[in-house]
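First comes the structure, then the notes that go with it.
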Amino acid sequence: MSEASLVVVRGLRRDFDISRPWLNRLFEGQRRLFLRAVDDVSFEIAKGCTFALVGESGSGKSTVARMVVGLLPPSDGEVTIDGISMQSASDSGSRQKLRRRIQMIFQDPYASLNPRWRVSRVIAEPINTFGLLKGEAVTKKVGELLTLVGLHPDDGDKFPHEFSGGQRQRIAIARALAAHAEFIVCDEPTSALDVSVQAQILNLMRDLQKEFGLTLLFISHNLAVVRHMADRIGVMYLGRVVETGDSRALFARPRHPYTRMLLDAVPDLDMSGRQRTPVAGEIPNPINPPSGCTFHPRCPQANERCRREIPAMIDGVACHAVEEGRAG
Amino acid sequence: MTETSKPAAGKGAVARFLESDIYASFRSSPLAMAAAVIVLAMFVGAVLATLIAPYDPFDPAKVFLSDASLPPRWQDGGDPRFFLGTDDQGRDMFSAILYGLQVSLMVGGLGVALAALIGITLGLVAGYVGGRTDALIMRVADVQLTFPAILIALLIDGVVHSVFKGISRETSAIPVLVVSIGLSFWVQYARTVRSSTFVEKGKDYVSAARLVGLPAPVIMWRHVLPNVLGPVLIILTINLGLAVITEATLSFLGVGLPPTEPSLGTLIAIGNQYLFSGEWWIVAFPGATLAILVLSVNLLGDWLRDALNPKLR
């Protein structure tokens, strides 16, 4: 799979400085505090495919998304798009060329569109910034994009607040497509929408993916959505990827205890025969993560080794129990 | 900067405005219309003072001491030539108020504009850049806040007079007042803009703009600024009233405009001396003008706040 990969993420790590202000530290004798939101995350996405990152709130999915598009500099590691490293593309020309190929669709469609701008201006911004078209051609292109996402070209004259959540997400999709981006990062694009609208937006995204051969990084905590969209899946827990695999294989035969826990919690008629383990406990505080395998306090198969050692990613899964063949 | 989709694309800007929600909201608010009419009348009166005023109160050749301290026309002893009476030097009160309004509005307007310029710029930078830049700017703002406008005006006045030796009050008064008002009012803008900028910069539309590689100043100008201007507009209008009052206070205390070039404050200061000798009109009319102006400007600001909020439409 490696030669056709458009996006390669290697050893991505991100620490956030959550220390108190300097003066407080000085007087209260506190040390600097860091929160490791993402630790050693690696994956590849083949051209035209969808890779989904799933996990509970606080697992670092969105932080990965923001680092992949370049909104947040990683503390360590590298993101490579089509062989060009985002971190080493330092001169503004090549950086801008790379930016044109990446776009993002955000979670909250009420915050991702400038409320004081008319929709046509919002969609035209990438076109104008990259200088792709001029004058009348921009207006025409914006009309085409609006039609493409199922809106009317005249809607461009309206303000974002005149649209519903689903329609706004369509506008955000139109903006993402405006500069002919090849790689689109979708950070929970449907979690703020009504269930009835979610399917429409997801189907629209799939249709557009087929039409333009888009590569997607799809962030979600909703397994039903992920199953519908993804070719490959990465399961994240407390900043680490614990299991990756083909979507079908992972849903049919989950290996990591955490993945099983997640899948067991999905209300699904097909699984009624299987024994269920409800998702027990909560994600630990990432400021002070558990030793060894961070999942061990919640894991039914944890032993002494799990409390000491961080499991390595072997054949798509990072778990001592799977490694030792203890997992049933 | 190519702005392809300006609202007034097809139709004329005036037609567009007459159809807009803002105009509709304006038409449905009698208070706003009344305030606007008063403010507009005062602005026009001030700008066209030289044309409208029946007398030139600054021309000593046309001012006669024999006309001094005449009461308004409708009172006993009133002179039909002087509708609002005359002051102690025989100047027509109505003309003096028009000229005073001109000076007051100019000083107030320029002072507020300077304050807004400094405050918005520093607030945007502090809020958007954050960190040490933010801390530095906001501590300067805190220190600034401890100096009242009067003290700043006295300081600047003193500095100007020691640097430019022999400069007359006529030439120095207006710049000194504008700079003092600008320097003492900017903190409010900076604080408001900074806190709104903090909120706005965390929103995803700013992320989307960063994603396409727009430089920070462009994002601040195009994306953040329009979204933080709402509260600024309210402060702007209320501050215009305050600035006019500050100017009046300074002139009243003698730091501001000299009696040869009176603002409303100078007129009130002059009239104040005659209040207890029964010549009430010398202080009452400039005072009433000042009060009505400030009230109308504030009412207009209140209405504008509601009208410009797209979520209330």
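If Lys and Arg each add +1 and Asp and Glu each add -1, what is the summed charge of the other residues whose beta carbon sits under 13 Å from the beta carbon of B:T50? Write down the numbers at each step before the final one.
Values: positive: none; negative: B:D56, B:D59.
Result for the local shell: -2.
Residues with beta-carbon under 13 Å from that of B:A173, excluding B:A173: net charge, scoring Lys, Arg +1 and Asp, Glu -1?
Once all neighbours under 13 Å are counted, the net charge is -3.
Please report the carbon-and-sulfur percent of the accessible area for region A:84-221; probe 1.4 Å, protein heavy atoms only, DNA, RNA and ligands left out.
On region A:84-221, the fraction of accessible area on carbon and sulfur atoms equals 50 percent.
Rg to Rh for region A:45-136: what is it, with Cα atoms only and Rh by Kirkwood?
0.99
Helix hunt in chain B: which complete DSSP H runs extend at least 27 Å axially by C-alpha with mean Kyte-Doolittle at least -0.5?
Details: long enough: B:93-129 (52 Å, 1.87); B:169-201 (45 Å, 0.39); B:225-253 (40 Å, 1.72); B:281-307 (38 Å, 1.25).
Going by DSSP H runs, the hits are B:93-129, B:169-201, B:225-253, B:281-307.
Could you size up the charge dipole of the protein assembly as shown around its Cα centre, putting +1 on the beta carbon of Lys and Arg and -1 on that of Asp and Glu, and report it in debye to the nearest 20?
Working: 63 positive and 60 negative charges, 361 e Å.
Rounded to the nearest 20 debye, it is 1740 debye.
At q = 0.08 Å⁻¹, what base-10 log of I(q)/I(0) does the Debye formula yield for the protein assembly as shown when every alpha carbon is treated as an equal point scatterer in vacuo?
Normalising to I(0) and taking log10 leaves -0.76.
Between region B:211-234 and region B:101-146, what is the separation of their alpha carbon centroids in Å?
17
What is the diffusion coefficient of region A:7-92 in µm²/s, taking the Kirkwood radius over Cα pairs and the Stokes-Einstein relation at 37 °C with a viscosity of 0.692 mPa s?
Value of D from the Cα-based Kirkwood radius: 225 µm²/s.
Determine the calculated [θ] at 222 nm for chain A from helices alone, applying -39500 (n - 2.57) to every DSSP H run no shorter than 4 residues and normalising by the residue count; nearest 500 deg cm²/dmol.
-10000 deg cm²/dmol
Two decimals is fine: what is log10 I(q)/I(0) at q = 0.26 Å⁻¹ for region B:217-258, from a Debye sum with one equal scatterer on every Cα and no solvent?
Here the Debye-derived log intensity ratios amount to -0.81.
Quickly estimate the mean residue ellipticity at 222 nm for chain B, helices only: each DSSP H run with n ≥ 4 gives -39500 (n - 2.57), and the total goes over all residues, rounded to 500.
-22500 deg cm²/dmol
Work out the length of the dipole vector of chain A about its Cα centre, built from +1 on the beta-carbon of each Lys and Arg and -1 on the beta-carbon of each Asp and Glu, and round it to the nearest 20 debye.
Charge dipole of chain A: 460 debye, to the nearest 20.
In square angstrom, rounded to the nearest 10, how much accessible surface does A:Y237 have for a 1.4 Å probe?
0
Just to verify a number: what accessible area does B:T50 come out at with the full protein assembly present, 1.4 Å probe, Å² rounded to tens?
Taking all protein chains as shown, B:T50 has close to 100 Å².
Per Stokes-Einstein, at 20 °C and 1.002 mPa s, what whole-number D in µm² s⁻¹ belongs to chain A, with the Kirkwood radius over Cα pairs as the hydrodynamic radius?
100
P(r) tail for region A:30-184, what percent of Cα pairs lie past 27 Å?
In whole percent, the long-distance tail amounts to 34.
Across chain B, how large is the tail of the calculated P(r) beyond 31 Å, expressed as a percent of all Cα pairs? Present the calculation step by step, with values, prior to reporting the outcome.
Working: 21210 of 48828 pairs.
So the portion of pairs separated by more than 31 Å is 43 percent.
Could you provide, to the nearest whole Å², the per residue accessible area of region A:41-155 with probe 1.4 Å?
Details: 4530 Å² over 115 residues.
In whole numbers, region A:41-155 has 39 Å² accessible per residue.
Is the C-alpha gyration tensor of region B:41-170 telling us rounded, prolate or oblate? Criteria: a/c under 1.5 is rounded; beyond that, a/b larger than b/c is prolate, otherwise oblate.
prolate
Give the dimensionless ratio obtained when the Cα radius of gyration of region B:177-238 is divided by 2.2 N^0.38 Å.
1.30
The values are calculated or read from the model by the stated rules, or taken from the named source; none is laboratory data. These figures come from a predicted structure and were not determined experimentally. Cβ sites come from the backbone with ideal geometry, for glycine too, and all protein chains shown count toward neighbours. The protein model used for the area step is the full one, side chains on, heavy atoms only, and it has no ligands, DNA or RNA in it. Shrake-Rupley method; radii C 1.70, N 1.55, O 1.52, S 1.80 Å.
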